[in-house]
Amino acid sequence: MERSFKNHLKSSFAVSIAITIFAISLFSCDSSSSKQENVNVKADHAFPAADADNGGLTLPENFGAIAVTDSIGRARHIAINNQGDIFVKMRTLADEKGVLYLKDSSGNGKLDLISGFGDFGGTGIAIYKDFLYCSSDSAVYRYKMENGIVKPNTLPDTIVTGFIVQRTHASKPIAFDGNGNMYVTIGAPSNACQESPRTPGSKGHDPCSQLDFQAGIWQFKAEKFNQTLKDDGHRYATGIRNAVAIDWNFKDNALYALQHGRDQLSHLFPEYYTQEQSAELPAEEFLKIADGDDFGWPYCYYDQFQEKKILAPEYGGDGQKIERCEGITPPILAFPGHWAPNDLLFYTGDQFPEKYKNGAFIAFHGSWNRAPFPQQGYFVAFVPFKDGKPEKEWERFAEGFTQVDSVMSTNDAKFRPVGLAEGPDGSLFISDSAKGKIWRVIYYGNKLALKD
Amino acid sequence: MRKGLFVLIAGIIISAWSCQGKKEETAQKEAPVVKEEPKPAAPTAEDVIAAGEKVYNTYCMVCHQKDGNGVAGMNPPLTQTKYVLGDKTELITIVLGGLSGDIEVKGEMYSNVMPPHNFLNDKQVSDVLTFVRSSFGNDADAVSKEEVATVRAALEAK
């Protein structure tokens, strides 16, 4: 609390400076100056002040946050139009609606719930060209947008259907490249492809037929209607247990994703793993993905301590053996186990300091699978990228979501970060899955003053 | 005379041996009962709860969590739900036989598979269910190992 209060003092001070700077820039703004180069110096728009408590978040120095809405329901991923309005994909319907549309209609920095549409719950949502793409757990649809909004009674077009109905890891997050392709994660319908699911000692199916149409990322044509998984989907990458966090990096033209590693090593194979090891292993893997890559699930997992892909115990592994995992593509960065990376965003704005540009924000949803130890990983991380590679010294960018000192059970966490989006002005939006709170994070430092 | 004595002794030995064999057989069948006989007193409610909590921490907590509230969307809560507080046969059946498919608890859907826990013995199952039914704000009566045995027999007969 003390920390956030200090932050608040800093931010209030920073806000006054920022407002002064914007006021000055208003007067000095030359009509020929390019808006595109400096999106954050829009002459008609100063940033609203941060909340006194930064909406409960702890942020790096000179950053502040506004809780733009606080309880819209079970939110998942979010998308933002060029006016800063937000579309939220809901996991379960909120007042019968699967997508909620929020807008700052009074200009006070807070969002108002304007409308909802769509009769399906799900996770994936993204704006591509003039369309809003949304996924249920079994299909991808899109809505035509006009001036950034979806008009009432707009019927969706069907882009892809035919995903296998599955209960575990059913989310279908989506991403787009610059070449007319859409990428959809299809999670594995199990923890480790065991003959008897989640049963101690049960062997893995070999081969694991779940890999045929699941446990990977599939590529589709972004604008072709009525594609099906089996007829039109191209298996772009395989051996990925579940990657809810995916994004295309336009800086190096590649797909990136974070894999949720498998659960319960010590519970299922106590002869090879202690509870301590099982709480940390395997790593949550940050993957750079090329067409045709195989990341090894269910046969292999990544051990961040040995820095190797290790043979899974369901396939004869003992925590050390490698065997068939030799040569399997490793992650570009490994995080501790079970943190559940649920969204990835490459930051392209100018609102944040230079080091954030083209780096990766990752929303970790937080663990449930570390018992008997406290749960961890309810925060937003930032991974700087240098020369197209992640730096190992990543930072805890936004914390404080849980509102408690220690999370013993998942429900102790008041909020859980699940979605990320960048506003047109470069501010960062974070959605929460527990209550449906959304934060807008703004940099209130004096970057412009220093530059000028 | 000597011959007669030998036959007699041999007869005694054989009958003693075969008797021992029978005894062992009987002992095996009734093993749990025999084992419990030397115990000075029946376990108290506190003993049962403590034993149940140990089973819970080993086999259940990882999914259902320390507070019994489960994990949103994945593992259902064990608090204030008819699955736990209602019909004991149904509850024992879930533990022994597992559960898969979407399950709705208090208006929320949960998706993870629960494997069969029939590797737990009757006492472990009754202990853990007694613990769960009287913890996390729950207040329902105990489950006996005889009730577990009955359900197990019925499931195995299927």
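Remarks
- Considering the stretch A:166-177, the residues that are out of contact with any Pro (no Cβ under 9 Å at 6 or more places or on another chain) and in a loop (DSSP other than H, G, I, E, B) include one that is surrounded by the fewest Cβ atoms within 10 Å (Cβ to Cβ), namely A:177.
- If the condition is being under 13 Å from the mean Cα position of the chain (by Cα) and without any contact (Cβ under 8 Å) to a residue 40 or more places away in the chain, then the stretch B:85-122 contributes B:94, B:95, B:116, B:118, B:119, B:121, B:122.
- Residue ID - farthest from the chain's Cα centre (by Cα), chosen from residues in the stretch B:48-71 that are of a type in the set (A, V, I, L, M) and either closer than 16 Å to residue A:279 by Cα or more than 7 Å from every other protein chain (Cβ to nearest Cβ) (or both): B:62
- Helices (runs of 4 or more DSSP H) completely within the stretch B:47-158 that count 2 or more residues being of a type in the set (D, E, K, R): B:88-97, B:122-133, B:145-157
- Restricting attention to the stretch A:284-298, the residues being out of contact with any Pro (no Cβ under 7 Å at 6 or more places or on another chain) and either open to solvent by less than 10 Å² (accessible area, probe 1.4 Å) or in a loop (DSSP other than H, G, I, E, B) (or both) number 8.
- Within the stretch B:86-106, the set of residues being more than 9 Å from every other protein chain (Cβ to nearest Cβ), surrounded by fewer than 19 Cβ atoms within 10 Å (Cβ to Cβ) and not polar (S, T, N, Q) comprises B:86, B:87, B:90, B:94, B:97, B:99, B:103, B:104, B:105, B:106.
- Hits in the stretch A:134-149 (condition: farther than 26 Å from residue A:186 by Cβ and either assigned to a loop (DSSP other than H, G, I, E, B) or of a type in the set (A, V, I, L, M) (or both)): A:145, A:147, A:148, A:149
- Within the stretch A:377-401, the set of residues being open to solvent by 10 Å² or more (accessible area, probe 1.4 Å), without any contact (Cβ under 8 Å) to a residue 60 or more places away in the chain and more than 14 Å from every other protein chain (Cβ to nearest Cβ) comprises A:384, A:386, A:387, A:389, A:391, A:392, A:393, A:396.
- The lone exception for residue B:78 - which of (1) surrounded by fewer than 20 Cβ atoms within 10 Å (Cβ to Cβ); (2) within 14 Å of chain A (Cβ to nearest Cβ); (3) aliphatic (A, V, I, L, M) it fails: (1)
- Qualifying position, being of a type in the set (Gly, Ala, Ser), at pLDDT 95 or above and in contact with a Pro (Cβ under 6 Å, 6 or more places away or on another chain), among A:124, A:162: A:124
- Residue in the stretch A:132-149 that is over 20 Å from the mean Cα position of the chain (by Cα), modelled with pLDDT of 95 or more, farther than 27 Å from residue A:218 by Cα and among the acidic types (Asp, Glu) present: yes
- Verdict on residue A:418 being within 14 Å of chain B (Cβ to nearest Cβ), modelled with pLDDT of 95 or more and buried (at least 24 other Cβ atoms within 10 Å of the Cβ): yes
- Test result for residue A:256, crowded, with 18+ Cβ neighbours inside 10 Å, of a type in the set (Phe, Trp, Tyr) and at pLDDT 95 or above: yes
- Filtered residues of the stretch A:93-133 (kept if part of a strand (DSSP E or B), loosely packed, with under 14 Cβ neighbours inside 10 Å and polar (S, T, N, Q)): none
- Looking only at the stretch A:344-358, and only at residues there that are open to solvent by 30 Å² or more (accessible area, probe 1.4 Å) and not in a loop (DSSP other than H, G, I, E, B), the one that is nearest to the other protein chains (Cβ to nearest Cβ): A:355
- Within the stretch A:402-415, the set of residues being open to solvent by 50 Å² or more (accessible area, probe 1.4 Å) and either more than 14 Å from chain B (Cβ to nearest Cβ) or under 9 Å from residue A:379 (Cα atoms) (or both) comprises A:403, A:405.
- Among all residues of the stretch A:319-341, there is at least one that is within 30 Å of residue A:100 (Cα to Cα) and not in a loop (DSSP other than H, G, I, E, B).
- Number of positions in the stretch A:166-220 that are of a type in the set (Gly, Ala, Ser) and away from every other protein chain (no Cβ under 14 Å): 7
The values are calculated or read from the model by the stated rules, or taken from the named source; none is laboratory data. Everything numeric in this text was worked out from a predicted model, so none of it was measured. So basically every Cβ, Gly included, is an ideal-geometry build from the backbone, and we count neighbours across all protein chains shown. These accessible areas exclude ligands, DNA and RNA; they are computed on the full protein's heavy atoms, side chains included. Shrake-Rupley method; radii C 1.70, N 1.55, O 1.52, S 1.80 Å.
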